[in-house]
Amino acid sequence: MGYAVFQMSHHIVEASNLHYNYPDGTMGLNGISFRITHGESVALVGENGAGKSTLLLHLNGYLSARQGTIRIGDYPVSTKNLDSVRRCVGMVFQNSDDQLFMPTVFDDVAFGPMNLGLEKQDVEQKVVQALETVNAIHLKHRPPYRLSQGEKKSVAIATVLAMSPDILVMDEPTSSLDPTSRKRLIGLLKSFAHTKIIATHDLDMAMDVCERTIVLHQGRITADGPTMKLLRDENLLHQSSLEKPLRMQHCPVCALAKKK
């Protein structure tokens with residue numbers, strides 16, 4: 001088939017002392033280290049420019065660290081292992097249009113399995129399963145440019161699921177979604193048994209989906225622990241230019257109602 005297959009050790013994701021500078025010299029990551037084990041759901045949070053997207057792009061080799069390593073299971077993310085790593089680490093980009101480029105939804109979801117050399121029947125089965133998982137089978141003959149933002153997001157996830165990844169990496173999955181689409185996506189993410197690594201500004205979504213949160217600030221990890229504990233830490237949030245999730249914020253209207 002043209003790619004190496006190797007066994008993942010419980011699909012562990014491990015970063016060690018990652019450093020990355022952009023070509024213009026801007027610092028992206030400054031000594032990032034963490035270990036994520038099989039089945040964990042982890043939120044990456046931080047202000048714009050904290051390093052969230054930069055870190056995600058290292059997880060399947062879109063960017064390469066200046067110093068340090070990323071390992072998926074027992075194998076480093078390197079040019080030699082890139083095809084196998086990308087089969088195990090499925091990435092959903094913030095802008096769904098970056099992943100949808102074929103004439104129809106079916107073609108987009110089939111693109112990955114076809115490039116693995118699967119038989120036509122197997123490709124069709126994977127496409128149907130992936131679209132059914134995200135409740136988008138009715139869209140399979142539609143052109144992607146005719147879809148709503150929520151529909152595009154679902155289809156973008158389906159393109160990744162069709163590759164049967166063990167680790168799901170997502171960049172701002174709820175951005176540009178209306179409340180109904182957002183709620184549907186959160187329900188979908190909660191149903192996945194995959195290891196999930198989600199960069200997000202949506203701290204309420206992080207509370208719903210991720211048991212663990214890693215806080216990034218200026219390219220460094222400033223906190224790593226249980227989501228509920230970290231998101232209650234007002235000093236930590238303030239230092240990281242973040243605010244409490246909406247459901248944790250003081251509501252003047254509610255307080256007024258209680259006094260009556």
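Filtered by the rule that a residue be in contact with a helix residue (DSSP H, G or I) (Cβ under 6 Å, 6 or more places away or on another chain) and either modelled with pLDDT under 90 or surrounded by fewer than 16 Cβ atoms within 10 Å (Cβ to Cβ) (or both), segment 82-113 gives a lone residue, Met102. Applying the set (1) within 28 Å of Leu203 (Cα to Cα); (2) touching a residue at least 24 places away in the same chain (Cβ under 8 Å) to Phe111 leaves exactly one unmet item: (1). Pairing residues of segment 79-92 that are small (Gly, Ala, Ser) with residues that are surrounded by 18 or more Cβ atoms within 10 Å (Cβ to Cβ) and part of a helix (DSSP H, G or I), at Cβ distances under 8 Å and at least 6 apart in sequence or on separate chains, gives Gly90/Val160; Gly90/Leu161. Screening Val209 with (1) touching a Leu at 6+ places or on another chain (Cβ under 8 Å); (2) in contact (Cβ under 8 Å) with a residue 24 or more places away in the chain; (3) farther than 16 Å from Ser41 by Cα gives one miss only, at (3). State whether the residues of segment 129-147 include one that is under 22 Å from Leu56 (Cβ atoms) and of a type in the set (D, E, K, R). No, because not a single residue in segment 129-147 is under 22 Å from Leu56 (Cβ atoms) and of a type in the set (D, E, K, R). Within segment 169-192, restricting attention to residues that are over 20 Å from Ile36 (Cβ atoms) and in a loop (DSSP other than H, G, I, E, B), the residue that is modelled with the lowest pLDDT is Ser176. The condition of being at positive phi, hydroxyl-bearing (Ser, Thr, Tyr) and out of contact with any Leu (no Cβ under 9 Å at 6 or more places or on another chain) holds for only one of Ser164, Ser191, Ser181, Ser175, that being Ser164. Summed over segment 117-139, residues that are of a type outside the set (A, V, I, L, M) and surrounded by 19 or more Cβ atoms within 10 Å (Cβ to Cβ) total 1.
Condition test on Pro23, is it of a type outside the set (D, E, K, R), without any contact (Cβ under 8 Å) to a residue 12 or more places away in the chain, touching a Ser or Thr at 6+ places or on another chain (Cβ under 8 Å) and on the phi < 0 side of the Ramachandran plot? No: the conditions fail for Pro23.
Filtering segment 204-229 down to residues that are assigned to a helix (DSSP H, G or I) and within 20 Å of the chain's Cα centre (by Cα), which residue is farthest from Asp171 (Cα to Cα)?
Taking segment 204-229 as the starting set, the residues that turn out to be assigned to a helix (DSSP H, G or I) are 204-209, 227-229.
This time we only want the ones that are within 20 Å of the chain's Cα centre (by Cα), so: 204-209, 227-228.
On the way: Asp204: 15, Met205: 13, Ala206: 12, Met207: 16, Asp208: 16, Val209: 14, Thr227: 18, Met228: 21 Å.
Top of the filtered list is Met228.
Put simply, of Val109, Val127, Val77, Val123 the only residue that is more than 30 Å from Arg182 (Cβ to Cβ) and touching a Lys or Arg at 6+ places or on another chain (Cβ under 8 Å) is Val77.
Identify all residues within segment 140-168 that are in a helix (DSSP H, G or I) and over 16 Å from Arg184 (Cα atoms); write none if there are none. Pro144, Tyr145, Arg146, Thr159, Val160, Leu161, listed by residue number.
The values are calculated or read from the model by the stated rules, or taken from the named source; none is laboratory data. Remember, predicted model here, so these are calculated numbers, not experimental data. Neighbour counts are summed over all protein chains in view; Cβ atoms, including those assigned to glycine, are modelled from backbone coordinates with ideal geometry.
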